[in-house]
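Please read the structure below before turning to the comments.
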Amino acid sequence: MSTISNIIIINDFAYINGGAGKVAISSAIGLSNLGYNVIMFTAVGPIDNSLKQSKVKVVCLGQKDILSDSNRLRAVRQGIWNEYARKEFTTLLAALNPSETIVHFHAWIKALSPAIFNPVAKLGFKIVITLHDYFMFCPNGGLFNYQTLRICNLQASSLQCLFCNCDVRSYPQKIWRYIRQIVQWRAIKYIKNINIIYISELNREVSYPYLKDISNKWYFVQNPIDINNRVVADVQHNEKYLFVARLSSEKGIVLFCEAMKDLHLKGCVLGDGYLKERLQKEYPEIEFRGWVSGKEKDELIMQGKALVFPSLWYEGAPLTIVEMKSYGIPCIVPDKCSASEEIIDGKTGFIFKSGVLTSLEDAIMKYEKVDRNIMQKNIIEDFNPGKYMLVNHCRRLLDVYSDILSGC
């Protein structure tokens, strides 16, 4: 086993702004608590309070993410090649020993840019990349057509891909993202050993064909999650179907709202996003609570009858499903999503055909007719909270890091 002296965690944001950020920050703190020298390299602040209270050394460049920068010319340039980040990262790496240092990439597209791969290649550091999304090879990061709201079947980054307007904003935005993808490939090709962490079988299945020629080893590492170990929800008597996610088109929020309206069922939405105002007007019968956390979130989840997770794209490993299982709440999930790997159809939840409203409504009606106490009992018996603990996640990461550094 090789000695690990330094662990560098790469993440655009120094605070939690989603699932990838939560995993990056949680693992940085967890590894630091185990006695390792952990450096978190970020672009956008503020620094999360949990990081401030930990022993993690945080480098935050104080930049804006490219979507929030009012200077659009600077944002366009930074998104393709963040020269300041490259220089600062080069300085950081130059003071470290490559044989004792692992560089772990979580997220870099929204601020740090592909430029930070450059010093890694020049100075000979070994890296591992967690595939939280598909920005390694897909210009919009989702293998998803935001115009048709369907999973994209084109070869990512091909000429067909270039001429397809799949972007959530505009075709010029797509062209810019395609250029960024070319720049990224050129930066990555000089790195000798790229190692990949995948977070679900589907995640690996759709990524491997694109990365097999540039990747060295692939490792499965279960995402950690803070889970409820106290009480379970009264799903037999509760009336609200829950939707817990960002309110954006690829998350299938409209599908959820349509199903609730058609079936005359009570729906409760926990989340925020650009669709919220429109949806509140179109579906006044549905309860929209916005982003919630802590005790308020626990109380709302405890009112849940089931979770409907209608995401339309190849979700890597949605943490919400595991969170609901810890409350004994059955989940209704799509087949073309890794969420289905957490569900035993008809036993711990139901699986429907991705993106098909009638299939979702059929699954909900099946759930309406089952003995929900038995289904909850199945969930509790099948659920192993230990596999999701942060300390076990960190120990698995250390095994991966050692394997990479030793060259085994």
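The values are calculated or read from the model by the stated rules, or taken from the named source; none is laboratory data. Just so it is clear, the model here is predicted, and its values are computed rather than measured. As a convention, Cβ positions derive from the backbone with ideal geometry for all residues, glycine included, and neighbour counts pool all protein chains shown. Surface areas here come from the heavy atoms of the whole protein model, side chains and all, with no ligands, DNA or RNA. Shrake-Rupley method; radii C 1.70, N 1.55, O 1.52, S 1.80 Å.
Worth a mention:
- All helices (runs of 4 or more DSSP H) inside the range 68-136 with 1 or more residues being buried (at least 22 other Cβ atoms within 10 Å of the Cβ) and either touching a Phe, Trp or Tyr at 6+ places or on another chain (Cβ under 7 Å) or among the aliphatic types (A, V, I, L, M) (or both): 83-94, 117-123
- The sole residue among PHE144, PHE137 that is closer than 30 Å to GLY407 by Cα and aromatic (Phe, Trp, Tyr) is PHE137.
- Qualifying residue in the range 260-281 (condition: in contact (Cβ under 8 Å) with a residue 60 or more places away in the chain, touching a Phe, Trp or Tyr at 6+ places or on another chain (Cβ under 9 Å), basic (Lys, Arg) and not in a loop (DSSP other than H, G, I, E, B)): no
- Pair list, Cβ < 9 Å and 6+ apart or interchain, from the range 1-28 residues that are within 22 Å of ALA85 (Cα to Cα) and in contact (Cβ under 8 Å) with a residue 12 or more places away in the chain to residues that are of a type in the set (Phe, Trp, Tyr) and assigned to a loop (DSSP other than H, G, I, E, B): ASN6/TYR36; ILE7/TYR36; ILE8/PHE125; ILE10/TRP108; ASN11/TRP108; ASP12/TRP108; GLY21/TYR15; ILE25/TYR15
- Scanning the range 214-243 for residues that are among the hydrophobic types (A, V, I, L, M, F, W, C), in a strand (DSSP E or B) and open to solvent by 30 Å² or more (accessible area, probe 1.4 Å) turns up TRP218, PHE220.
- Enumeration of residues in the range 313-326 that are touching a helix residue (DSSP H, G or I) at 6+ places or on another chain (Cβ under 7 Å), of a type outside the set (Gly, Ala, Ser), surrounded by fewer than 23 Cβ atoms within 10 Å (Cβ to Cβ) and over 23 Å from CYS138 (Cβ atoms): VAL322
- Qualifying residue in the range 194-201 (condition: in contact (Cβ under 8 Å) with a residue 60 or more places away in the chain, under 28 Å from ASP399 (Cβ atoms) and among the charged types (D, E, K, R)): yes
- Unmet requirement for GLY45, which otherwise passes all of (1) in contact with a strand residue (DSSP E or B) (Cβ under 8 Å, 6 or more places away or on another chain); (2) crowded, with 17+ Cβ neighbours inside 10 Å; (3) of a type in the set (Gly, Ala, Ser): (2)
- Members of the range 373-390 that are of a type in the set (A, V, I, L, M, F, W, C), open to solvent by less than 50 Å² (accessible area, probe 1.4 Å), in a helix (DSSP H, G or I) and touching a helix residue (DSSP H, G or I) at 6+ places or on another chain (Cβ under 7 Å): ILE379
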